[in-house]
Every structure is written in structure tokens, then in C-alpha cells.
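Have a look at the structure below before the remarks.
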Amino acid sequence: MTDAPLDPHRLMHEHDALLALIDAVEAVVAAPTPAPAAALQAVTALRVALDAHLAAEDAHIYPRLAGSASLAEQAIGLQLISEFRHLTGDWSLYLLRWKPAAIARDWAGFATETREMLVRLRARVARENALLYPLAAQAA
């Protein structure tokens with residue numbers, strides 16, 4: 001619910017956990033030997049944690065921005081939300097494309113696309129920490 005207190009420390013802690021999971025996926029795809037099963041396990045762990053984190057943001061952060069008294073905060077919030085929704089859509093397509101058989105069949109393509117996605121996820125975490133959470137805290 002949107003009336004629950006905003007806990008930026010919890011969300012930032014979740015970001016630390018997400019970054020550790022991103023590192024784990026990156027380590028698997030950087031290994032000299034293809035490891036499709038390990039990759040699938042690491043990506044799945046990241047997906048589960050990311051899904052939970054995004055649900056918390058949807059419940060606590062975005063409604064605060066939409067309800068801000070400041071039109072400037074609302075505009076910035078909407079811009080950030082739009083950017084993040086685009087990435088979320090790309091993440092969903094990535095997950096659909098890279099099923100176990102596809103990973104095993106095209107390890108090089110999987111590794112390349114995974115590295116690109118991980119760069120974007122890291123950038124999202126940094127942008128949320130720097131802009132989204134402080135803005136949401138002001139709007140509270």
C-alpha cells in the first residue's frame with residue numbers, strides 16, 4: 001500500500017544485494033568455459049530478487065512521486081519512471097529470449113547480451129540511488 005512508510009535504507013540494501021547478484025551473473029559469463037546451467041541459476045536468482053525489488057518500488061516509490069505537490073518533482077519522477085519501465089521491458093524480453101536451450105546453443109550471444117544488460121541494470125541502480133530515492137523521500 002502507498003501509506004506504508006518509505007524505507008530508503010531497505011531499498012538501498014536491496015540494491016547492494018542486486019549488485020552482488022549482478023556480479024555473480026557477470027562472473028559466470030566471464031568464465032573461460034561456457035556454463036549454461038550456472039548461468040541460468042545466476043540469472044534466475046537475479047530475476048527473483050529484481051522482481052521483488054520492483055514490486056516494492058511500485059508500491060512505495062512511484063505513488064509518492066505521482067502524488068508530489070511539486071510539479072517539477074512529478075515531472076522528474078515521471079521521466080525516471082518511463083526510463084525504468086523501458087529497461088524493465090527490455091529485461092523481460094531478455095528473459096524470454098534466453099531460455100536454457102538458447103543459452104546452450106548460443107553461449108557467445110548470451111554472454112554478450114547479458115553483459116550489455118548488466119551494464120544497464122547497474123546504471124539503473126546508480127540512477128535510483130542518486131535521483132529516484134532522494135526525490136521520493138522529498139515527496140513523502
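ALA111 meets the conditions (1) in a helix (DSSP H, G or I); (2) open to solvent by 30 Å² or more (accessible area, probe 1.4 Å); (3) in contact with a helix residue (DSSP H, G or I) (Cβ under 9 Å, 6 or more places away or on another chain) in every case but one. The failed one is (2).
Condition test on ALA20, is it open to solvent by less than 70 Å² (accessible area, probe 1.4 Å) and either outside any helix (DSSP H, G or I) or closer than 30 Å to ALA137 by Cα (or both)? Reasoning before the result, please.
Numbers: open to solvent by less than 70 Å² (accessible area, probe 1.4 Å): yes; either outside any helix (DSSP H, G or I) or closer than 30 Å to ALA137 by Cα (or both): yes.
In short, yes.
Filter region 1-27 for residues that are modelled with pLDDT under 70 and more than 12 Å from TYR133 (Cα to Cα) and give the result. MET1, THR2, ASP3, ALA4, PRO5, listed by residue number.
Tell me yes or no: at least one residue of region 69-82 is surrounded by 14 or more Cβ atoms within 10 Å (Cβ to Cβ), part of a helix (DSSP H, G or I) and of a type in the set (D, E, K, R). Before the answer, list the steps.
Keep residues of region 69-82 that are surrounded by 14 or more Cβ atoms within 10 Å (Cβ to Cβ), which gives 73-74, 76-77, 80-81.
Adding the requirement that they be part of a helix (DSSP H, G or I) leaves 73-74, 76-77, 80-81.
Subsequent filtering for residues that are of a type in the set (D, E, K, R) retains 73.
Checked region 69-82: at least one residue is surrounded by 14 or more Cβ atoms within 10 Å (Cβ to Cβ), part of a helix (DSSP H, G or I) and of a type in the set (D, E, K, R).
Beta carbons closer than 8 Å, at least 6 apart along the sequence or on distinct chains, pair a first residue in region 18-47 that is under 14 Å from TRP107 (Cβ atoms) with a second that is of a type in the set (Lys, Arg) and open to solvent by 30 Å² or more (accessible area, probe 1.4 Å) for VAL29/ARG115.
Is it the case, given these coordinates, that LEU93 is crowded, with 16+ Cβ neighbours inside 10 Å, out of contact with any Lys or Arg (no Cβ under 9 Å at 6 or more places or on another chain) and part of a helix (DSSP H, G or I)? Give the steps one after another, and end with the answer.
Numbers: crowded, with 16+ Cβ neighbours inside 10 Å: no; out of contact with any Lys or Arg (no Cβ under 9 Å at 6 or more places or on another chain): yes; part of a helix (DSSP H, G or I): yes.
Taking the combined requirement at face value, the residue does not satisfy it.
Considering only residues in region 23-61 that are under 23 Å from SER82 (Cα atoms) and of a type outside the set (A, V, I, L, M, F, W, C), the one that is surrounded by the most Cβ atoms within 10 Å (Cβ to Cβ) turns out to be HIS60.
The values are calculated or read from the model by the stated rules, or taken from the named source; none is laboratory data. Note that the coordinates shown come from a computational prediction; the quantities given were computed from them, not determined experimentally. Reconstructed Cβ throughout: ideal geometry from the backbone, glycine too, with neighbour counts over all protein chains shown. Accessible surface areas use protein heavy atoms only, side chains included; no ligands, DNA or RNA. Shrake-Rupley method; radii C 1.70, N 1.55, O 1.52, S 1.80 Å.
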